[in-house]
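Here is the structure we will look at, set down as structure tokens.
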Amino acid sequence: MKTIKKLIKYIGAIIIIGLIIALFCPNWTSHIKGDNSISALEQVEINGSNHEIMIRGTDKDNPVIVFVHGGPGCSEIPYAEKYQDLLETKFTVVNYDQRASGKSYHFFEDYSNLSSDLLVEDLLALTDYISKRLGKEKVILIGHSYGTYIGTQAAHKAPEKYEAYIGIGQMSNQVESEIESLNYVIKQAQKAGNTDDVLYLQGLTEKIKNGDMFTPRNYVMKYGGSVRLIDNPDGDNLGILLSSEYNLLDLIRYNRGLAYSQKFLLEDILKNSLPTNETKLELPVYFVMGKYDYMTTSNVAKKYFDMIEANKKEFISFKQSAHYPQFEEKEKFYEWMCDTFLK
């Protein structure tokens, strides 16, 4: 009996020690060889709030990309390295966790003023910091999903800071996009013979048409409108925990920040669509869209693209992808980036 009690105590102690290590384990991003390489993961104060920034590249003299992650609240730092390894050979790639997202979520910070406008200000301030640190007059701005909502506004406000704006999974008239998304998942559910799904989704029609809600993302993912060639990278708690850039405490931050950001930022997307506000961009503009994207649909993004006045613009369709063409077809995206910016 005493032996069993001792064993239970040892196991309990091991579990407690393991949790402490998981909570506070030091983080890093893997080293990149080279005399002029950079591989940094750090907290930097930007616009009055500490932001987590990851900078990676084989040569700091290469052109700089600033990635604006989606969500709201879906940090891409935990899996970025996996998908941007090719880009790192020819570009210096900057990923950052937005205010109240991921490692930039701080438990005792006041986020009552969180808004898309504030995130745009943060991005502009971050751009200034990165440009100064890496000695660049301009950087390439890439927004993904909700990041395009922030990125497009930043490019509109300060085009002089950016060599170009690239919208991947570009947001536009989101209510129209949600209607198309709903019709798609209903059609796919009907094809699959999933009557319960069809009835549930049809019951959401009026709310979605009125701009009161999004097409449920679990159904978009279920029927192939999110990813097709890879596993969905966002919200993968185990994957986040196993990354070198995040520990258990950061995973808790991620989920707290995700819930908070979505609660306070999603409504703005439906009520204030980009085509209403941003149709003139004084820099080169590129939309990179997956053919099967039903999170931010390609057809509605093309309508917005056609409305934009820009110095130069191009709409690029990736035929095998959904919402993550830069990851699902990363070789093709890398080749396009090199052809577009390194000639």
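List of remarks:
- Residues in the stretch 201-234 that are under 17 Å from GLY290 (Cβ atoms) and either hydroxyl-bearing (Ser, Thr, Tyr) or in contact with a strand residue (DSSP E or B) (Cβ under 6 Å, 6 or more places away or on another chain) (or both): THR215, TYR223, SER226.
- Filtering THR276, THR340 for residues that are touching a Phe, Trp or Tyr at 6+ places or on another chain (Cβ under 9 Å), of a type in the set (Val, Ile, Thr) and on the phi < 0 side of the Ramachandran plot leaves a single hit, THR340.
- Residue tally, condition of a type in the set (Ser, Thr, Tyr), under 30 Å from LYS132 (Cβ atoms) and out of contact with any Lys or Arg (no Cβ under 9 Å at 6 or more places or on another chain), over the stretch 158-198: 1
- When the stretch 172-193 is filtered for residues that are buried (at least 17 other Cβ atoms within 10 Å of the Cβ) and over 25 Å from the mean Cα position of the chain (by Cα), the ones remaining, listed by number, are ILE186, GLN188, ALA189.
- Applying the condition of being within 16 Å of the chain's Cα centre (by Cα) and either outside any loop (DSSP other than H, G, I, E, B) or among the β-branched types (Val, Ile, Thr) (or both) to the stretch 309-332 and asking which residue is surrounded by the most Cβ atoms within 10 Å (Cβ to Cβ) yields PRO325.
- Residue match in the stretch 154-171 (condition: among the polar types (S, T, N, Q), surrounded by 14 or more Cβ atoms within 10 Å (Cβ to Cβ), modelled with pLDDT of 95 or more and assigned to a helix (DSSP H, G or I)): no
- Consider the stretch 308-322 and keep the residues that are at pLDDT 95 or above and out of contact with any Lys or Arg (no Cβ under 9 Å at 6 or more places or on another chain). The one that is farthest from TYR292 (Cα to Cα) is LYS312.
- Candidates are the residues of the stretch 245-263 that are touching a Leu at 6+ places or on another chain (Cβ under 9 Å) and surrounded by fewer than 17 Cβ atoms within 10 Å (Cβ to Cβ); the one that is nearest to LEU114 (Cα to Cα) is ILE252.
- Taking the stretch 161-198 as the range and being in contact (Cβ under 8 Å) with a residue 60 or more places away in the chain and within 16 Å of THR127 (Cα to Cα) as the test, the residues that pass are TYR162, GLU163, ALA164, TYR165, ILE166.
- Unmet criterion (only one of (1) at pLDDT 90 or above; (2) surrounded by fewer than 18 Cβ atoms within 10 Å (Cβ to Cβ)) for SER298: (2)
- Enumeration of residues in the stretch 202-223 that are among the β-branched types (Val, Ile, Thr) and either in contact with a Lys or Arg (Cβ under 8 Å, 6 or more places away or on another chain) or assigned to a helix (DSSP H, G or I) (or both): THR205, ILE208, VAL220
- Check on ASN27, at negative phi, modelled with pLDDT under 90, part of a loop (DSSP other than H, G, I, E, B) and surrounded by 12 or more Cβ atoms within 10 Å (Cβ to Cβ): yes
- Beta carbons closer than 6 Å, at least 6 apart along the sequence or on distinct chains, pair a first residue in the stretch 252-280 that is closer than 20 Å to THR296 by Cβ and among the charged types (D, E, K, R) with a second that is at pLDDT 95 or above and assigned to a helix (DSSP H, G or I) for ASP268/SER116; GLU278/THR152; GLU278/HIS156.
- Every pair of residues 6+ apart whose Cβ atoms lie under 6 Å, when the first sits in the stretch 125-139 and is over 18 Å from GLY48 (Cα atoms) and surrounded by fewer than 17 Cβ atoms within 10 Å (Cβ to Cβ) while the second is modelled with pLDDT of 95 or more and not β-branched (Val, Ile, Thr): LYS138/TYR162; LYS138/GLU163
- Subset of the stretch 264-293 (residues that are assigned to a strand (DSSP E or B) and closer than 22 Å to ILE179 by Cα): PHE287, VAL288, MET289, GLY290
The values are calculated or read from the model by the stated rules, or taken from the named source; none is laboratory data. Every value quoted in this text rests on a predicted model; they were computed, and no experiment measured them. Methodologically, a virtual Cβ is constructed for each residue, glycine included, from the backbone with ideal geometry; neighbour enumeration extends over all protein chains shown.
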